[in-house]
Structures are given as structure tokens and as C-alpha cells.
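S.K.: Mind looking over this structure? Questions follow.
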Amino acid sequence: MIRTRDRPGFVTRALQTVLDQTYPDWCVALVNDGGDASVLSAAIQTAGLTDAFTPDRLLRLDLPSSVGRSEAFNRGVAALTTELVCCLDDDDTWTTDYLTSLTEFYDRTRAVARDLGGVAALVVAKREDLVIEDGIETLVPMGEEELPQAFRRRDFFLDPVAYVTYRHDLYPVQWMLDRAKVQAAGGFPAAFSVMEDRAFMTRFLQHWRLAILDRPLAHHHRRIRRKDDTAQSVAMNTLDNPSYDWRLYSDLAKVPLTSPEEASDPRLARQGAMVRAAAATIVKEINDETSGLWHKVNGEGREARHRYERLEQRLGIGEPVQAEALAEARCWSVWDETGPTDMGFPLGVGTPFLKRLTLSMDGTPPGILMHGSAWQRRLVVQIPSTGDWCALEVSLEGLAKKGEGLRCEVVLSAPHGYLLETSLSRYTRDRLGRKAQGFTENYVHALPPGRAERIVRDFPASLLDASEKPKLSIALPRMANDFRFVCHDLVVSRL
């Protein structure tokens, strides 16, 4: 069951993850909740998925107007005739063996648990950025993100008490449920526009058990920027949303207290047994929580310190400071070379790295290291000693056509600040054809302590046309020990 609305870039990826499954017997109910049907059809065709989804494989429901997330799910479930149902949000994905592994796990577990209502897999949180250039959406992977403690429990069966008290959690992308039992539980409550899956699962767990396969087969994707994303806004995913009343569904999970007359009334006796079972579960939860309290506090305290340090770092560098060149004018960026994952390696003097960067200095001290992280927007070069001369140089060769100038933008920061000099390093020839290296357009900059500074150098076409192998030279402080060059943006654009 896939819900979507005007997100063609996401839904085609979700459809592809279904096509990639090793399990052969599936059908997709695609509910277009009031979105533009022609845009959805064009996206599916452009992605080459039209022929792959034959009529018996794809049940498409194009709703004339939005009915909301909950009702869209319920209509998709009702349209299916399958025994089991999954909820794949249009921006999430699965591993290729998701359906195979969970159907096998469901069959094995159902043989020993008659009240089994479904199964689930573990999940991995994937960070990504949605970049739009020239009207084209591109999803850029940014690595994995740590999940809250509630997602890291290793219970075989999902504990209803732990779930309703937020000590255990699941995303819809993780589970596979008996479709008839989903409908018997009432489906997703229509009154909820967010957290509808939690409200449903709280009610579902009152009647059936859910077993969890200890394998990460589901991918929950999170975008680091959502301003270009037409999904529910971040403000909707808050406890202040009027439709989100977790207290109601917490109360629905409670069992009524019984009276001393329960022994003479079979119905009351059953209720009493349920109360005692619930009490035993709560005692177990309290014991488990108490025994792990200090480990939990220490772990969360450590994570809080790390987050605080990262926040301080971001505030210190002044995050809004970045290169301002328009996308159509850019011809090179350091982040084009680092890729989506962090990278690091030792450097050699005079040896190019990241395609256009070179470290130039007197001598070759050991321990020159580089680390780059595109998603953190941070490139660090560690130099044990800068000596009498040390400069980071950016090759400008081949970036400008004849008659074009170049703009170099660099965003730097340092805890204590320092002075640096930028210039154009180039080779020129005299009338006899003899080549000589020199520096021109020298300028000294003062990097302030504790915040980022944007440095802009413009080199006109007349200067570049007369130069061989031009480079932007960033001369670093002399005789600095344990020096760290910290760069947050480095972009070259055409003038």
C-alpha cells in the first residue's frame, strides 16, 4: 500500500523498490491522494516503470481530492485482495529480500503463535538531501542517522505496554500485517492526520501480537532540508497538532478493573486474568527499565553532549555564511569531489587531492591529514607545522573560457582566528619565452575568532588569459604548530 500526493521523485523510487523484491507474488495499491494524475503518470513513464506494472500488479486509485493520510491508507487496503499488507510510504524503501524474509518469518511464527497479527523488520534511518537544479529533483544520500532508543529494543514480540508508553517504536515501513485483521481493527483512524500509524497500532495490539525479525530490512528516509519537499511540514509532526491526541489511544489500551464478583462471572474472570497479565507486564517493564537506567542515562547524556558540541560548532561557524554563486554560474565546488559519505586520508606535499587542491610548503612534515564531510559542510586539513611557507592552492586551469573571468568564494573558520593571504599564482612568459612563476592580486584577510568568514576573490579575464596554470593561493600563517585549516565552502564560478 503506497500513499502519494504530488511527489513524483519519491514515489517512483518506492515503486522501484517493490520491483526489486525477490518475492514474486505481490500487488501494489497506489493511492494518489488528490495529486495531479497526469504528473504521476508522466513520472512513472519517465522512470521506465509503465510496462513493469501490469494491471494485475498495480491497483491505482486517483482520488479527485485529498481524503487525508489515514483514509488514503484505508482505501488502498480495501482495494487489495492479498492475505498480507505492508505500508510503504512513498519516500521510504526496502532491501530486496524484505518481502521474502518477512513472509517466511510470518509463516514460521504463526505456526506457534495462533494470535499472531503480523511481523516487522528492524529499520535503518537514511539521511538525504532533496536538491532541485534546473527543475530536476535529485535525491543525494547523506549517510545513516542514529535512531532513538525506542527503535533499538530486541523483543521478539512487540510489547503493547512498551509501545503505548513510547519505550518501543516502529515505522509503517517496517511492518507486514494480516490484511483482514487490519480492517477488523478499523484501519488508520480518520481523525488523525499525523501519527495515525501509532494510533492504529495501539488499537491493533489489543487483539493480536506482532513478531519482530532481528534484521534491518527497512529504510526510513529523512531529508535534512524540507523547504522544497511538498510532504507534511515539520510543524505538522508535533504534539501540538490538534489531530494528535495520544492520550485517547493510550486509554483505549487499558483493561477495565474488575470487582470481587469476577469469580462468579466468566466474563469478569477473563477481565481479571487480563488485568493480572497487564500488571505482570508492567512489573517486567519497570524491572527492565530500572536495571538499565544508568546505562540509558549515561548513553543519552553522552549523545546529548555530542549534539550540544555539534550545535556549538554550527553556531560558531555561522551556518548561514556560504558561497553565494548562482547554480548556473558555478563551474566547480569542493563538495562535488567529496561525495555523499565522509572521507579522509593522509596528504603529500605537492600531490593533488579532491581533483584541484594541492598543499604547497617547505619540506614534508609527517602527519598531514585531510577529512571532508559534505553533509556537515566541513573540510579540515591538519598540518603539524606550517614552517616558513605553507599554502593551499586551488587549480583554476580549464575552468574559464577565453574572455571569461572567475570568482573564487571560500568560507573559513577558526576558534581563535588568524591572518591569511590570498593571491593568484600563475606562470607567465617574457619576450624570450622564458617561463616564471609569480603571485599577483595579493590581499590579506583577517579571519575573526569563533565564526565563519566568506572570502571572495574575482580574477578578470584579462588576467587569466595572460596566465598559465592559474591557481588561487591561500597562504597560511608561518610557523604555526598543530594548525587546522577548516573550510565550510569552496566554490569557483564564472563571471
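Rule-based calculations on the coordinates, nothing more; no lab input. Everything numeric here is computed off the predicted structure, so don't read it as measured data. Cβ placement follows ideal geometry from the backbone for every residue including glycine, while neighbour counts extend to all protein chains displayed.
S.K.: So if I take the centroid of the Cα atoms in the stretch 179-208 and the same for the stretch 88-150, what is the distance between those two points in Å?
M.R.: 19 Å
S.K.: So how many Å³ per residue does the convex hull of the Cα atoms of the stretch 356-465 work out to?
M.R.: Details: hull volume 15.4 nm³, N = 110.
In the stretch 356-465, the Cα convex hull volume per residue is 140 Å³.
S.K.: Further question: Lys and Arg at +1, Asp and Glu at -1: add these up for the other residues within a Cβ distance under 13 Å of Arg114 and post the number. Show your work: numbers first, answer last.
M.R.: Working: positive: Arg110, Lys181, Arg209; negative: Asp115, Asp178.
Residues near Arg114 contribute +1 overall.
S.K.: Further question: Can you give the percent of C-alpha pairs in the stretch 1-138 whose distance is more than 25 Å? Provide the component values of the computation, followed by the final result.
M.R.: Numbers: 2890 of 9453 pairs.
Every Cα pair in the stretch 1-138 considered, those over 25 Å come to 31 percent.
S.K.: Given points 7 Å out from each Cα along the Cα-Cβ axis, report the Leu147 to Leu495 separation in nanometres with one decimal.
M.R.: Each label point is offset 7 Å from its Cα along the Cβ direction, giving 5.3 nm.
S.K.: Short version: ³J(HN,Hα) in whole Hz for each residue of the stretch 184-195, in order, from phi by Karplus 6.51 cos²θ - 1.76 cosθ + 1.60 (θ = phi - 60°), x for Gly and Pro, what are they?
M.R.: 3J(HN,Hα) across the stretch 184-195, in whole Hz: 5, 7, x, x, 6, x, 5, 6, 9, 9, 9, 6.
S.K.: Taking the Cα centre as origin and putting +1 on Lys and Arg beta-carbons and -1 on Asp and Glu beta-carbons, what dipole magnitude results for the stretch 1-159, to the nearest 20 debye? Intermediate values should be presented prior to the final figure.
M.R.: Details: 16 positive and 28 negative charges, 110 e Å.
Roughly 540 debye for the stretch 1-159.
S.K.: Between Asp6 and residues 5 or more places away or on another chain, which pairs have amide H atoms under 5 Å apart, with H built 1.01 Å from N, and which residues are they?
M.R.: Close amide H contacts, sequence-distant or interchain: Gly35, Asp36.
S.K.: Quick query: amide H of Val124 versus all other amide H atoms, modeled in the peptide plane; which residues come in under 5 Å with a sequence gap of 5 or more or a different chain?
M.R.: Result for Val124 returns Ala218, His219, His220.
S.K.: Follow-up. What ranking do 20-27, 162-169 get when scored by the average of other Cβ atoms within 10 Å per residue, highest first? Walk me through the numbers before you get to the answer.
M.R.: Numbers: 20-27: 12.6, 162-169: 18.0.
By packing density, highest mean first, the sequence is 162-169, 20-27.
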